[in-house]
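Trainee: Can you read through this structure? Questions will come right after.
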2 protein chains.
Amino acid sequence: MHSSVTVTGIEGLPLIQKGDDLPQLISERCALENGDIICIASTIISKAKGYSRSLCDVSPGQQATHIASVTGEDPRFLQVVLDQACDVLVETPFTLTELPFGHVGVRSGVDASNVEDGLVIVLPPDPMKEAKEVRESLLRITGKECGVIVTDTCGRSFRRGQTGHAIGWSGMTAIRDFRGDTDLFGRTLEITEEAVIDEISGFANLIMGESNNGIPAVHFRGIPKWTGHDNIYFRPEEDIIRKALKKM
Amino acid sequence: MHSSVTVTGIEGLPLIQKGDDLPQLISERCALENGDIICIASTIISKAKGYSRSLCDVSPGQQATHIASVTGEDPRFLQVVLDQACDVLVETPFTLTELPFGHVGVRSGVDASNVEDGLVIVLPPDPMKEAKEVRESLLRITGKECGVIVTDTCGRSFRRGQTGHAIGWSGMTAIRDFRGDTDLFGRTLEITEEAVIDEISGFANLIMGESNNGIPAVHFRGIPKWTGHDNIYFRPEEDIIRKALKKM
Ligand SMILES: Nc1nc2c(ncn2[C@@H]2O[C@H](COP(=O)(O)OP(=O)(O)O)[C@@H](O)[C@H]2O)c(=O)[nH]1
Ligand SMILES: Nc1nc2c(ncn2[C@@H]2O[C@H](COP(=O)(O)OP(=O)(O)O)[C@@H](O)[C@H]2O)c(=O)[nH]1
Ligand SMILES: [Mn+2]
Ligand SMILES: [Mn+2]
Ligand SMILES: [Mn+2]
Ligand SMILES: [Mn+2]
């Protein structure tokens, strides 16, 4: 039988505070080996690094006030959403934005769950850097070469329900590239680019749960290595759905 | 430590032919327990059931010929794509359709990989029924209550690369519903519906691979049970991205 992959939620992590050393906390709760992959919820990266905003400090502008008048959301929350964005694809019924690092997400991934009252968590501004930093710290602490993925729970088109997505990664490529491979009959493949980091992040998200599960990190052992590239975000002119939204 | 989930590709399955008994072939290669989940690539369901078309038998109509003139694809292949669809959301640069069972997918999920020359595989017309049939047969053969998911590799919006999605399922709900749950601070959650079957299907797709890997089924042990509902497909009027595409 094919060797198995094991997937384990990392239990016993505390409520993360600004300044906490995540690689240290994780490595104390999980015996790493070379080739393991650790998925970390972006929420705790943001908590540890202080990527949050206090709503009392926010004065909503015209666009946030307008959207709030339609959706009934807090205009200060929406101002934080707009502050994170480099482009707004949809204003209502939900605000869909592009972030400077390339991710397209509902409400810029700004989150008021699992955080103290009056605070909102924003996504790390450079999640690739955060993933690299955790990977290098894990290597320093444990001597083991692991891959690290920073995840967020996101919606998608055409299907109800959120799933986990990768927003930062280090020690692997985002996409597995099958170009040049052949099928079972020796012919060129039609499907050539698989977003494996999103497939891993989705499953990690299931193990994490959303609510008071308290599992913000997940350990994978036994995923075979792959090769590919990191161009997971479409350029605006490549993305026909984005073009359609912009024309609305 | 949290109990682990193990994920295992089911090796040694033959090239599937029309009439093959998939539950029998799977149960011979995998010792099932109650609560296990088996993901099966839709490709082999379609092969076993004969859901395929021979391109020699297809005469392309006007719309297929038109799309082919833009994309350079085989107009007969596109006619099969259109024959599967109940609605066409995008014609070019890639044909995006809705299938009668609710799924929205590129080229209606029609596939010319991993199948003999001149044949194309279409998705099972009722994948929920296929999942139920496999689940009931596995129960009959092994006495074990397992969940079954039928998967397909699909693209998505805003991000490059395909991932595995569920198109049929039995013995579980599509969506885990967190409504009524609270966060780590006792407050109502913002994210309330998680598409867990897509998170499982995505990870199964990674283990399957695309090309000549020969792993069309994946076994999961240890995923905790969840509760929720099956409404994974938006109604057209709920889906703002679909509305935008229709206006193009
Ligand atoms: N131990 C611990 N778990 C947390 C903390 N914050 C969030 N979680 C858990 O991490 C998981 C993911 O949280 P979520 O808010 O959905 O993160 P996101 O998907 O990155 O937005 C859930 O199981 C939460 O209960 C924390 O500070 N400490
Ligand atoms: N053993 C076996 N493997 C197959 C067969 N057809 C496809 N596969 C494998 O199943 C996996 C998924 O195949 P793919 O064509 O991508 O299926 P899809 O995602 O359902 O469209 C790959 O590892 C293929 O090599 C078959 O008839 N027998
Ligand atoms: Mn989030
Ligand atoms: Mn989450
Ligand atoms: Mn397919
Ligand atoms: Mn596939």
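Trainee: Can you tell which of A:GLY72, A:GLY228, A:GLY12 shows the greatest fluctuation in a Gaussian network model of chain A with Cα springs below 10 Å?
Mentor: A:GLY72
Trainee: So if I take the centroid of the Cα atoms in the range A:183-246 and the same for the range A:1-72, what is the distance between those two points in Å?
Mentor: After rounding, the separation between the Cα centres reads 18 Å.
Trainee: Aspartates and glutamates within cross-link reach of A:LYS225: Cα-Cα under 18 Å, excluding same-chain residues under 8 positions apart?
Mentor: Qualifying aspartates and glutamates at Cα under 18 Å: A:GLU33, A:ASP36, A:GLU145, A:ASP177, A:ASP181, A:GLU193, A:GLU194, A:ASP198, A:GLU199, B:GLU210.
Trainee: Using every pair of alpha-carbon atoms in the protein assembly as shown, split the distances into 20 Å bins beginning at 0 and state the percent of pairs per bin, rounded to integers.
Mentor: 23, 57, 20, 0
Trainee: Now a separate question. Would you mind ranking A:TRP169, B:TRP226 so that the residue whose beta carbon has the fewest other beta carbons within 10 Å leads the list?
Mentor: B:TRP226, A:TRP169
Trainee: Oh, and also: Let's test the formula: R0 of 35 Å, r as the Cβ-Cβ distance of B:GLU116 and B:THR92. What FRET efficiency results, to the nearest 0.05?
Mentor: So the FRET efficiency works out to roughly 0.80.
Trainee: So, one more: Which one, A:ASN212, A:GLY143, A:ALA195, is farthest towards the positive end of the dipole of the range A:104-226 when Lys and Arg carry +1 and Asp and Glu -1 on their Cβ?
Mentor: Value computed over the given set: A:GLY143.
Trainee: Under unit Cβ charges (Lys, Arg +1; Asp, Glu -1), what dipole magnitude, rounded to 20 debye, does chain A have relative to its Cα centre?
Mentor: Around 180 debye, computed over chain A.
Trainee: Would you kindly work out, in nm and rounded to one decimal, the distances from the label point of B:SER59 to those of the same position in each other copy, ordered shortest first, with label points 7 Å along Cα-to-Cβ?
Mentor: Going from nearest to farthest copy, the values are 7.2 nm.
Trainee: Suppose R0 equals 41 Å. What FRET efficiency, 1/(1 + (r/R0)^6) with r the Cβ-Cβ distance, do B:ARG187 and A:SER3 give to the nearest 0.05?
Mentor: Rounded to the nearest 0.05, the efficiency is 0.45.
Trainee: How well do other chains shield peptide A:203-216, expressed as the mean number of their Cβ atoms within 10 Å of each residue Cβ?
Mentor: 6
Trainee: Ranking B:SER113, B:SER69 by Cβ neighbours within 10 Å, fewest first, what do you get?
Mentor: Sorted ascending by nearby Cβ count, the order is B:SER69, B:SER113.
Trainee: Picking from B:ILE141, B:ILE149, B:ILE16, which is most flexible by a Gaussian network model of chain B using Cα springs under 10 Å?
Mentor: Top of the fluctuation ranking is B:ILE141.
Trainee: Now for a separate question. Under a crude label model (7 Å from the Cα following the beta-carbon direction), how far is A:THR227 from B:ASN34 in nanometres?
Mentor: Result for the modelled spin labels: 4.8 nm.
Trainee: What fraction, in whole percent, of alpha-carbon pairs in the range B:1-96 exceed 15 Å separation?
Mentor: 71
Trainee: Filter A:LYS246/B:LYS246; A:LYS129/A:LYS247; B:LYS18/B:LYS132 down to the pairs with a C-alpha to C-alpha distance above 24 Å, please.
Mentor: The answer is A:LYS129/A:LYS247.
Trainee: Using a Gaussian network model of chain A with C-alpha springs under 10 Å, which one of A:GLN62, A:GLN24, A:GLN162 is most mobile by mean-square fluctuation?
Mentor: Comparing A:GLN62, A:GLN24, A:GLN162 in a Gaussian network model of chain A, the most mobile one is A:GLN62.
Trainee: Then there's this: Taking the Cα centre as origin and putting +1 on Lys and Arg beta-carbons and -1 on Asp and Glu beta-carbons, what dipole magnitude results for the range B:1-143, to the nearest 20 debye?
Mentor: With Lys and Arg at +1 and Asp and Glu at -1, about 160 debye.
Trainee: Still on this model: In square nanometres, what is the average projected area of the Cα convex hull of chain A?
Mentor: For chain A, averaging the hull's shadow over all directions gives 15.6 nm².
Trainee: What does the extension gain come out to for A:PHE101 and A:GLN17, with contour length at 0.36 nm per residue minus their alpha carbon separation?
Mentor: Gain on stretching A:PHE101 to A:GLN17: 27.8 nm.
Trainee: Moving to a separate point now. As an exercise, take the mean of 1/r over every pair of distinct alpha carbons in the range B:53-118, invert it, and state the Kirkwood radius in angstroms.
Mentor: It works out to 11.9 Å.
Trainee: Only counting other Cβ atoms within 10 Å, I'd like A:SER170, A:SER3 sorted with the fewest neighbours first.
Mentor: By the 10 Å Cβ count, ascending, the order reads A:SER3, A:SER170.
Trainee: Along the charge dipole of the range B:55-122, pointing to its positive end and built from +1/-1 on Cβ of Lys, Arg, Asp and Glu, which listed residue (B:PRO93, B:ALA64, B:LEU82) has its Cα farthest out?
Mentor: So the residue furthest toward the plus end is B:PRO93.
Trainee: From the backbone phi of the range B:97-112, what are the Karplus-calculated ³J(HN,Hα) couplings (6.51 cos²θ - 1.76 cosθ + 1.60, θ = phi - 60°) in whole Hz, Gly and Pro given as x?
Mentor: Rounded to whole hertz, the list is 10, 9, 9, x, 7, x, 5, 10, x, 5, 6, 6, x, 6, 9, 10.
Trainee: Rounded to the nearest 20 debye, what is the charge dipole size of the range B:55-122 about its Cα centre when +1 sits on each Lys and Arg Cβ and -1 on each Asp and Glu Cβ?
Mentor: Using Cβ point charges on Lys, Arg, Asp and Glu, the range B:55-122 gives about 120 debye.
Bear in mind these aren't lab numbers, they're just calculated from the coordinates by the rules spelled out. Treat the numbers as computed from the prediction; the structure is a model and nothing was measured. Methodologically, a virtual Cβ is constructed for each residue, glycine included, from the backbone with ideal geometry; neighbour enumeration extends over all protein chains shown.
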